[in-house]
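Data block below; observations after.
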Amino acid sequence: MKVGLFVTNQQYLATDMVSALDEQITMVRLVRDKGWDSLFSGQHYLNEGNNQQLQLVPLLARLIPEAGDMTVGLGILLLNLHNPVYTAETVATLDVLARGNFVFGVGLGYRDVEFGAFGVPKGQRVKRFEEYLELILRLWTEESVTHHSDTCQLENVRMNLRPVQKPYPPLWIAANNDRAIQRAARMGDAWMINPHSTMDTIRQHMAVYRDALSANGKPSPKELPAIKELFCAKDRASALEMAGPFLLGKYQDYAKWGQDKVMPESETFDQDFDALMADRFVLGSPEECYEQLRPYWEEFGVNHLLIRTHWAGMPLSTSLHSIRMISDELLPALHSV
């Protein structure tokens, strides 16, 4: 089992972002020195409410030198918001910066404010996602590319900047519902399992994913990643006390943004914390966290866990407490799976 840190890049408006960056660097250095395997972070634009965040690409470019031998990845880039030539050259650049130890993680997105800001109309979002992804892979692999669409005109061009990895970095696609998971199976190297779903939903989605892989004549992925909200303390009560308010705040924001509206009807974030937490988050002692995670490898075949253990507003000392407990007591057990 590989284990990575998913860096929370959302901060309260009152937060000094220079200090927040310093705290993220501190966490990255700690997990690097403790033998973690990877580092990921996500992307949003025009954060609403009491939130702000640094942009994903320059943030990762700053963190790559701190990551040592850890794999670094986009978790995720909102693909259909960006010109495909920009994305192809930018990701190739990141792969160079990471010395060929980089993951190209992408997703469709779900927030109308972002689609509106980048001029992606309803009815075109999936089409543009697929068009852009196919074009990016062509730009990385073909000697001459011609492409004509409403948003990109290319006539017999060759992209000279190519990724270090051949033919290109691993392509992980995030997905929250059946059609998106089928698309991930068809177009990607792996489905990136989200942290939002309950175990029952993931169980249903794994069946969809496996069926879609089979329908496309593809084997199970070499690497199957899952993001998990996880906090380690001496016991479950302590973990709830230390992490609960910040984790609840994160999902209250998700509810306002409509994250659960693109998930199955059985999923809703508009509920109290006890109901929200049930069968969704991993909280407790290292031993309790291990047992809660066990189905991911035994039943689902997950072999790369991306752990988010800090959320907006959480003091650095609290995050480091969980990271150290994970590193010293949970990580060795996970690495032995």
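Give the percent of DSSP beta bridges with both residues in the range 2-335 that are antiparallel, rounded to the nearest 5.
15
What list of ³J(HN,Hα) couplings, whole Hz, do you get for the range 170-176 from phi and the Karplus terms 6.51, -1.76, 1.60, once you set θ to phi - 60° and write x for glycine and proline?
With coefficients 6.51, -1.76 and 1.60, one gets x, 9, 9, 10, 7, 7, 10 Hz.
What FRET efficiency comes out for the pair GLU142/ASP274, r = Cβ-Cβ distance, R0 = 51 Å, nearest 0.05?
0.45
Divide by every residue of the chain the summed helix terms, -39500 (n - 2.57) for each DSSP H run of at least 4, and state the resulting mean residue ellipticity at 222 nm, rounded to the nearest 500 deg cm²/dmol.
My calculation for the chain gives -13500 deg cm²/dmol from helical runs alone.
Quick one: compute the contact order of the range 72-213, relative version, from alpha carbon pairs under 8 angstrom and 6+ residues apart, as a percent. Show your work: numbers first, answer last.
Numbers: 197 pairs, mean separation 34.6, N = 142.
Normalised by residue count, the contact order of the range 72-213 is 24 percent.
Please give the length that would be gained between LEU13 and ARG203 if that part of the chain were fully extended, namely 0.36 nm times their separation in residues minus their C-alpha to C-alpha distance (nm, one decimal).
On the way: separation 190, 0.36 × 190 = 68.40 nm, distance 3.72 nm.
Extending this stretch completely gives an extra 64.7 nm.
How much length, in nm to one decimal, is gained on full extension between ARG210 and SER238, taken as 0.36 nm per residue of separation minus their Cα-Cα distance?
Working: separation 28, 0.36 × 28 = 10.08 nm, distance 3.77 nm.
So the extension gain works out to 6.3 nm.
Which of the helices in the chain, when you take each full DSSP H run, stretch at least 18 Å along the axis at their Cα atoms and have an average Kyte-Doolittle score of -0.5 or higher?
Working: long enough: 17-33 (24 Å, 0.34); 84-97 (19 Å, 0.84); 125-141 (24 Å, -0.24); 199-215 (24 Å, -0.22); 236-257 (29 Å, -0.28).
Helices meeting the span and hydropathy rule in the chain are 17-33, 84-97, 125-141, 199-215, 236-257.
Taking Cα centroids, how far is the range 179-250 from the range 3-55 in Å?
Cα centres, the range 179-250 to the range 3-55: 20 Å.
Only Cα pairs under 8 Å and at least 6 apart count here; give the relative contact order of the chain as a rounded whole percent. Show your work: numbers first, answer last.
Values: 554 pairs, mean separation 69.5, N = 337.
So the answer I get is 21 percent.
Just grab the label-to-label distance for LEU21 and LYS34, each label 7 Å out from Cα along the Cβ direction, in nm (one decimal).
Going from the LEU21 label point to the LYS34 one covers 2.4 nm.
Please give the length that would be gained between ALA117 and GLU287 if that part of the chain were fully extended, namely 0.36 nm times their separation in residues minus their C-alpha to C-alpha distance (nm, one decimal).
So the extension gain works out to 56.7 nm.
Please arrange VAL18, VAL28, VAL157 by counting, for each residue, the other beta carbons lying within 10 Å of its beta carbon, fewest first.
Listed from fewest to most nearby Cβ atoms, that is VAL18, VAL157, VAL28.
If I take R0 = 25 Å and measure r between the Cβ atoms of TYR254 and VAL126 in this structure, what FRET efficiency does the formula 1/(1 + (r/R0)^6) give, to the nearest 0.05?
0.70
Taking a ≥ b ≥ c as the square roots of the eigenvalues of the Cα gyration tensor of the range 5-92, is the shape rounded (a/c under 1.5), prolate (a/b larger than b/c) or oblate?
oblate
Please work out whether the range 205-332 counts as rounded, prolate or oblate from its C-alpha gyration tensor, where a ≥ b ≥ c are the square roots of the eigenvalues and a/c under 1.5 means rounded, while otherwise a/b larger than b/c means prolate and anything else oblate?
Taking the square roots of the gyration eigenvalues as a ≥ b ≥ c, the range 205-332 is oblate.
To the nearest Å, what is the center-to-center distance of the range 148-164 and the range 274-327, using C-alpha atoms only?
41
Sorted by mean Cβ packing within 10 Å, highest first, what order do the peptides 122-129, 171-178, 199-206, 321-328 take?
171-178, 321-328, 199-206, 122-129
Values quoted throughout were computed directly from the atomic coordinates according to the rules given, and no laboratory measurement underlies them. Computed from a predicted model, the values in this text were never measured in an experiment. A quick note on method: Cβ atoms are made from the backbone with ideal geometry, for glycine too, and the neighbour counts reach across all protein chains shown.
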